[in-house]
Amino acid sequence: VTDAHLTLGHLPPYLLDGSFALDVEAAKRAIATKIAEKLGLDLNAAARGILAIADHNMVGAIRIVSVERGHDPRDFALVPFGGAGPLHGGALARLLGMRTILVPPSPGVLSALGLLVSNMKAEFARTCLQKPGTADIAQIGGVFASLQADAEAWFRQEGVRDEDQSSTWQASLRYEHQGFELTVDWPGQRVDAAAVAETIARFHALHNKLYTFAQEDTPVEIVTLRVDAIGRLPRPRLAELPPGGDIREAVIGRQRIALESGDVNAPIYDRAKLGARAIIDGPAIITQLDATTLLLPGQHAEMHRSGSLIVREQ
């Protein structure tokens with residue numbers, strides 16, 4: 001895939017701000033000898049075919065988490081991340097009919113940023129099988145008390161302040177003879193017959209929501225009890241971009257991009273030199289240390305003050 005991007009001019013002949021050289025001629029030879037010649041295609045057509053296969057595979061994955069869950073992708077913005085995500089974002093958005101793309105400030109390390117801004121969490125669970133109509137309140141209470149003690153020990157071990165601690169009790173239930181369970185919140189942190197009844201009612205409601213039916217006359221089993229412990233962490237303050245100057249000062253070169261309609265001489269921008277409200281029209285290449293963004297013809301990008309790049313169709 002990287003060879004295909006290089007062949008078509010989507011990437012400059014380097015990565016990591018120029019510290020990692022890419023061999024363009026070797027990429028072209030690989031595609032020519034291994035794919036183009038064997039399929040009777042010209043070099044650029046073979047490279048486009050490689051990217052088309054990759055793009056459609058990614059579209060299939062996106063459909064699983066959108067269309068197959070009842071969501072229309074056209075109602076959302078696409079967020080490409082990873083070092084290569086922004087190279088494919090424009091093509092994926094067009095295949096899905098999405099008109100807005102949001103490229104985060106540091107796409108290549110977005111997952112690491114997510115780790116830094118997420119709260120700490122630990123889950124403590126234990127099987128506590130309760131047959132229908134015979135719930136042992138004392139046993140349930142004892143298991144929850146033990147799990148809560150484990151959660152509090154974890155808070156102490158991790159140094160979470162008392163005011164930043166929270167814990168949620170949950171239970172996994174199933175209809176008798178069912179092969180899977182659904183997990184619902186336990187009402188508060190009390191254990192009595194009313195709490196058990198409310199938990200079962202929540203199970204029926206969730207089953208109806210997920211599968212469009214509930215069998216309230218069918219016995220329900222409690223299978224597993226769980227305590228989720230959450231330690232809240234302070235959020236880092238992210239700096240805002242100041243307005244930029246002349247956008248031409250961010251151009252660090254030009255490069256041929258092979259489009260189906262013909263070759264174009266496109267500018268290469270250094271993203272670090274772009275200020276807030278800077279606007280770039282495609283076709284263009286925007287480079288940074290951890291990723292490369294490709295703007296297709298008919299797309300334009302605006303730098304948001306948050307540092308995100310907002311790409312839209314013109």
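The values are calculated or read from the model by the stated rules, or taken from the named source; none is laboratory data. As the structure is a computational prediction, the values presented were derived from the model and not from experiment. Quick note on the areas: whole protein, heavy atoms, side chains included, nothing else; ligands and nucleic acids left out. Shrake-Rupley method; radii C 1.70, N 1.55, O 1.52, S 1.80 Å.
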Checklist entry - Say we join alpha carbon atoms closer than 10 Å with springs in a Gaussian network model of the chain; which of ALA201, ALA276, ALA171 then has the biggest fluctuation? => result ALA201
Item to check | Helix axis angle, 137-158 relative to the chain longest principal axis, alpha carbon, degrees | outcome: 40 degrees
Checklist entry - Per the Kirkwood definition applied to all pairs of different Cα atoms, how many angstroms is the hydrodynamic radius of the chain? => result 23.8 Å
Checklist entry - Sequence-distant or interchain residues sharing an amide H contact under 5 Å with ARG254, placed H: which? => result ILE268
Item to check | Gaussian network model of the chain, springs between alpha carbon atoms under 10 Å - residue of THR224, THR212, THR292 with greatest fluctuation | outcome: THR212
Checklist entry - Straight-line reach from LYS28: which aspartates and glutamates have Cα under 15 Å away, leaving out those fewer than 8 places along the same chain? => result ASP3, GLU37, ASP42
Item to check | nm² value of the averaged projected area, convex hull over the Cα atoms of region 33-99 | outcome: 5.4 nm²
Checklist entry - What is the Cα coordinate range of region 1-131 on the first, second and third principal axes, sorted by size from largest, in whole angstrom? => result 67, 36, 33
Item to check | Cα-derived Rg to Rh of region 176-240, Kirkwood definition | outcome: 1.18
Checklist entry - Roughly how compact is region 261-314, stated as its Cα Rg over 2.2 N^0.38 Å to two decimals? => result 1.09
Item to check | Largest-first principal axis extents of the Cα set of region 208-314 (Å) | outcome: 70, 41, 22
Checklist outcome for this item: Taking Cα atoms, the helix 43-64 axis meets the longest principal axis of the chain at an angle in degrees (rounded to 10) of 20 degrees
Checklist outcome for this item: Taking every alpha carbon pair in region 109-256 and sorting the distances into 10 angstrom bins from 0 up to the bin holding the longest one, the percent per bin comes out as 10, 29, 23, 16, 8, 8, 5, 1
Next on the checklist: Looking at the chain as a GNM with Cα springs under 10 Å, which of GLN299, GLN288, GLN148 has the largest mean-square fluctuation?
Outcome noted: GLN148
Item to check | Solvent-accessible surface ranking, highest first, for THR134, THR7 at 1.4 angstrom | outcome: THR134, THR7
Next on the checklist: Within region 219-314, what whole-number % of the accessible surface is contributed by carbon and sulfur, with the 1.4 Å probe and all protein chains included in the calculation?
Outcome noted: 52 percent
